[in-house]
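Encoded as structure tokens, the structure appears first; notes follow it.
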Amino acid sequence: MTSALPSPSPQPVRPELRRSGTDRMLGGVCGGLAEYSGIDAVLWRVGAVGLTVAGGAGVVVYLLLWVLLPSAPLPAGRRPGVLDPFVDRLHAALTTARPGERA
């Protein structure tokens, strides 16, 4: 008697953690976290404001994520913000391996 093993169902693909190109208010950090986690961006924004009011950590965390997370492509017809080129250059400088360093 042969028993066929059921084929495993494909695992849902989780999107890459990036700053959002569509759901942006400032840098797209909360929108990117929402796309990645499935939790509404408004809740991420409320959490960031709560951390900011509770001691200022929200501002620090938001700025770190703004620099460390890569930016998602912008939709056609949407221009990048004033700070986006600076943040993208800073992100590239921090995440690019230098010669002689391990990646």
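At-a-glance table
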item: Verdict on residue 27 being within 15 Å of the chain's Cα centre (by Cα) and free of Cβ contacts under 8 Å to residues at least 12 places away in the same chain; result: no
item: Pairs, first outside any loop (DSSP other than H, G, I, E, B) and modelled with pLDDT of 75 or more in region 1-19, second surrounded by 10 or more Cβ atoms within 10 Å (Cβ to Cβ) and β-branched (Val, Ile, Thr), C-beta under 9 Å, six or more apart; result: 19/29; 19/87
item: Per-region count, region 55-87, residues within 11 Å of the chain's Cα centre (by Cα) and either charged (D, E, K, R) or in a loop (DSSP other than H, G, I, E, B) (or both); result: 3
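The values are calculated or read from the model by the stated rules, or taken from the named source; none is laboratory data. It should be emphasised that the depicted structure is a prediction, and the values quoted were computed from it without experimental measurement. Backbone-built Cβ (ideal geometry, glycine too); neighbour counts: all protein chains shown.
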